[in-house]
Each structure stands twice: as C-alpha cells, then as structure tokens.
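The values are calculated or read from the model by the stated rules, or taken from the named source; none is laboratory data. Every value quoted in this text rests on a predicted model; they were computed, and no experiment measured them. A quick note on method: Cβ atoms are made from the backbone with ideal geometry, for glycine too, and the neighbour counts reach across all protein chains shown. Just the protein is used for accessible areas: all its heavy atoms, side chains included, with ligands, DNA and RNA removed. Shrake-Rupley method; radii C 1.70, N 1.55, O 1.52, S 1.80 Å.
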Amino acid sequence: MGGAILTGLLTEILIPNGVSDYLIEEEEGLNDHNVVVKCAEIQSAISEGATSFLFTEYQYVGIFMVAFAVLIFLFLGSVEGFSTKAQPCTYSKDKYCKPALANAGFSTISFLLGATTSLVSGFLGMKIATFANARTTLEARKGVGKAFITAFRSGAVMGFLLAANGLLVLYIAINLFKLYYGDDWEGLFESITGYGLGGSSMALFGRVGGGIYTKAADVGADLVGKVERNIPEDDPRNPAVIADNVGDTVGDIAGMGSDLFGSYAESSCAALVVASISSFGVNHEFTVMCYPLLVSSMGIIAALKKQLIVSTALMTVGIAIISWIALPSTFTIFSFGDQKQVKNWELFFCVAIGLWAGLVIGFVTEYYASNAYSPVQDVADSCRTGAATNVIFGLALGYKSVIIPIFAIAVSIFVSFSLAAMYGIAVAALGMLSTIATGLAIDAYGPISDNAGGIAEMAGMSHRIRERTDAAGNTTAAIGKGFAIGSAALVSLALFGAFVSRAAISTVMFVLTPKVFIGLIVGAMLPYWFSAMTMKSVGSAALKMVEEV
C-alpha cells in the first residue's frame, strides 16, 4: 500500500530539452539484500584502495617530515651558535628572552604537530567519505533528498572535524608552550609559526600527490573503458573504476582537506605573530591575543547552521560580538617601525570583508564551473563542432573566471591594510577561512555523491538511482577550490608581512603597501582577462564559420 501511495505522489520533472524524467518516485529495491551486500563490498574495495594509497604516501611524507624537522632545528638553532644563554628581546632591550636553541626546539615540535594534524585530518576525512559513499547510494533508493542529506552531512562531519582539530591542537600547543616561555611572548608565538609550516608542507603532498593519482586514474579508466572497449563510465567490467573512485576520495577529500587546513593554520599563525608585538602582546593580554582563534571558533558555531550564505551572515554577527567583548576599544599594532592605533570596530571590518570576499569568490567559482550556468553551457555547445573550438572556449572560460576573485582579494587587502596594517590582512584571511566547516561540507559532498553513483552502477542498481545521486551531487568542488586559492593569496601576504614585522625589515616596505601589491596582482591578472576576451572572440567566430560551411 505504501508503494502505491508513493507511486501516486510521483513527481515529474521537465528538463530543458523537453524530455520527461523522473527523479522522485516510488522507493526501489529496499528489500533487495543482495544490493546492500554488493554495495558494502564495493565500498570496502574503495576504502582499502584509499587507505593503501594514503599509507604509501605517508611513508614518503614521514621521511620528509623528519628530515625537514631536523633542518628547521639546525637552521634556527645556529642563529646564535646553538647558545643556551638568554638573549635580549627584540622590542624590549631591557628584558631577556629565551635562547635561540629553545626557539629552535619548540618550532620543530610545532612543525611536527602541524604536519601530524594535517595528515590525521586528511586520513579521517578519507575514512568518513568512504563510509558515506555506499550509504548515499542506498539512501538514493528513497529519493534525491535522502541522498543529498546523507552526502552533505558526511561532508559536514569532515569539515567540523578538520576545523575543530586544527583549532584544538593549536590552542593546546600555545598553552603548553606558555608554561616554558612565561612572559616571553615573542619567542612563544614565533615558535608557534612552525604549526602553520607543518600544515602547509603536508598540504603540498596531499594536494599534488592525491591530485596526480586522481587525474591519472580518471583518465586511465575513461581511456580503457569508453575509448578502447566502448563501455559506459563506472561499468563493473572495468577494474580501473575502483581506482577512479579511490582517486576522487584521496584527491578531492583528503587532499582538499589538507590544503584548506594548511591555509587555516598559516593564517592563524601569521595573525598571532603580528599580534605578539602589538600593544596587547607587549602587555600580555591573553584573551585579546587569542582573537584569531576566537574568530575560528565562532566560525564553527556559525557553520552549525545550514549552507554558506546563512553561515556567512551569522558569522558576521558573531564577529561583531567577539570583537566588542574580546578586544579593547583602542589598541596599537606594529606597522613597519610605527605604532598604528586601531579601534575594535576597524578590526571587525577587516574580518568581515575577508568573510564576504570568500563568499563572493566561492559563488563566482561555482558560476564558472557549474553546468547550471551559461559559461559551462557555452563550452558544452562548442563541442558540437569538434575539439578545437572546445579547447578555445574552455581556456577562455578558465582565464575569465579569475577576474572577479582578483578584484575581491584586492579590495580586501586595501581595506584591511588601511584599517589595521598587516594584522588586518591576517585576520581578513582568517575571516575568509572562518566558514571552513561549511565550505568543506559543500566541497566534500560532491565527490561522495559522485562515488555513490559509481557504486550504484557497479552494483547493478536501476539507472534512476544513478540519476538521483548525480542530481544530489551537482558540481560543488569548485567552491572549495575557490576558497583555498583565494585565502592562499591573503595568507601568503600576511605571512610575508608577519616576517617583515617580526624581523623589523624596512627595505621591502614599499612592496607591501596596499596600492603597490594590489597593482601587482591586478596587473598579473590583466593578460588573462585580455586573453579570455580574444580567445572567446576567436572561438565564437570559428564556431559561426564551421556552422556556415
């Protein structure tokens, strides 16, 4: 009777070409135990492959980690000839700070902590994704909504886990290091920077190593399947399909998780280093010093609400509250030899502009990458006349997609630097990454749904199940990539600024002034803008000529 009721509630969806399709219909195969067993077997194979890849990768990464940790210790320890004597503080010559050898040791420890946290976060993200793949497939038997909820919640678990892991380990490390450093906050937060370095070093391996495997498996599976044997994608007769699904997991889940964690850790460390030589660093105001960590923790709370826009709006209110509560009404920030006076509402605007710039970058990236909008549809339309016009249109689209994000980053840099110098840029980067939990959830549920579709096909389930998983997992990975790249630009500038501020270097000051740096990145973008316009014109003219002939 239930099946009859559901059949009566059948919903017809009309797609643009006028063909009727059914995405929400009666529940299919819920009592077919063989399908469940088959899905579990496929999920087990994907999980085994992903685990094997990551363990192999981590063996090489472990060698690099140890070797690089030794180099960090040797280089930092040799600054004062491995001296164990206390040294005069950089900004308070009448006070003595911990020896360089101690800073070398603690920097090495924080590097290993950051690297380990990054690896653990990537591995746990992979495990969550592989557990979710088959569950999403089975939930798709009940409709698109069930499949979407399962995939998105799985991605959210990964996002919250990564954000909370990074924040917790960093906070614990600061408090443990403080037991030794005491009032020497220059040395304390300088040694903490190793945490960001460790995270970004592992991100390089995770993103590049996982990305190479992903694309190699994807291309290889398609070549041997579609081209050589003329069989459909994810066909169970093609053993490379498992490798393709493993690649989606280790590249788009574990790799992206490590990438965003690296930016997240670096932006936090950059803000802490700049703040350590500000008025609240000199006066040892711990709550104010932890403002960057409070921004990140507020992001976790705000992201508990659904979707990116709601999270961003809630986060804006949350930033205003913690800026009013945690910060003094006026304080000073060290800015290239001068003390710049900053108000708490100005720092709020720095974080807020980074937050909203991230939202803009995410949506613009989705617009240029999703098949729901005209740019991708234009590229698809160009395929009618062959590969040449398709390549021209595709390159033009890629070049054009950078224009708005560059201007969003430029505006963020100018406003945040004008209000709070390099500290403003560092917290703007934190603002952009503060909704990392939601961003990762949006990024992860795409690959999860994609793999769910592959499992459905390999398990011999109805083609309608594949349609439902495809509908649930529309192109969203681009949003995560937009956040990673956009925040990396701000983080790199903030890190460079932290180094210049901490080392009291004045010779490169002119490069770091906002107008000069904005001119550099906008100037670097202009050739791509020009190339996009000319290539699209060539493609359009060529398309018309082909049609005419």
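Brief remarks follow.
- Relative to the longest principal axis of the Cα atoms of the chain, the long axis of helix 240-249 makes an angle of roughly 40 degrees.
- Exceeding the 20 Å Cα-Cα cut-off - candidates 215/536; 400/536; 146/481: 215/536; 146/481
- Helix axis angle, 144-181 relative to the chain longest principal axis, alpha carbon, degrees: 20 degrees
- Accessible area per residue was computed with a 1.4 Å probe on protein heavy atoms; residue 395 scores about 80 Å².
- For region 38-47, Karplus couplings with θ = phi - 60° (6.51, -1.76, 1.60), whole Hz, Gly/Pro x: 4, 4, 5, 5, 5, 4, 4, 5, 5, 5
- For region 135-196, the alpha carbon positions stretch 60, 16, 12 Å along the principal axes, listed from largest to smallest.
- Here region 48-112 is treated as an ellipsoid with the same Cα gyration tensor; its semi-axes, largest first and in whole Å, are 37, 11, 6.
- Each Lys or Arg adds one and each Asp or Glu subtracts one; over the other residues with Cβ under 11 Å from the Cβ of residue 482, this totals -1.
- Using alpha-carbon coordinates, inclination of helix 256-276 to the longest axis of the chain, degrees: 20 degrees
- Diagonalising the gyration tensor over the Cα atoms of the chain and scaling each eigenvalue by 5 before taking the square root yields semi-axes of 45, 27, 23 Å, largest first.
- Area accessible to solvent at residue 57, 1.4 Å probe radius, in Å²: 30 Å²
- Given the chain, longest segment not containing exposed loop trypsin sites (Lys or Arg not before Pro) (DSSP; at most 14 other Cβ within 10 Å): 307-549
- Using every pair of separate Cα atoms, the Kirkwood estimate puts the hydrodynamic radius of region 149-301 at 17.9 angstrom.
- For 347, 520, the ranking by accessible surface with the largest value first comes to 520, 347, using a 1.4 Å probe.
- Placing 234, 183 in order of accessible area, with the largest value first and a 1.4 Å probe, yields 183, 234.
- Once both labels are positioned 7 Å from their Cα atoms along Cα-to-Cβ, the gap between residue 418 and residue 316 label points is 1.9 nm.
- Cα-based radius of gyration for region 330-381, normalised by 2.2 N^0.38 Å, reads 1.97.
- Residue-normalised accessible area of the chain, given per residue in Å² at a 1.4 Å probe: 43 Å²
- Ranking by accessible area, most exposed first, for 368, 171, 181 with a 1.4 Å probe: 171, 368, 181
- Cys residues of the chain counted as unpaired, since no other Cys beta-carbon is under 4.7 Å: 39, 269, 290, 350, 383
- log₁₀ of I(q)/I(0) at q = 0.20 Å⁻¹ - region 337-426, Debye sum with one point per alpha carbon: -0.87
- Residue 540 - accessible surface, heavy atoms, 1.4 Å probe, Å² rounded to 10: 40 Å²
- Share of carbon and sulfur in the accessible area of region 184-327 stands at 66%, probe radius 1.4 Å.
- Cα pair distances exceeding 16 angstrom across region 201-284, given as percent: 63 percent
- Net length gained if the chain between residue 287 and residue 219 were fully extended (0.36 nm per residue, minus Cα distance): 19.4 nm
- Reachable lysines, given that their alpha-carbon falls under 22 Å from the alpha-carbon of residue 340 and they are not under 8 places away in the same chain: 93, 515
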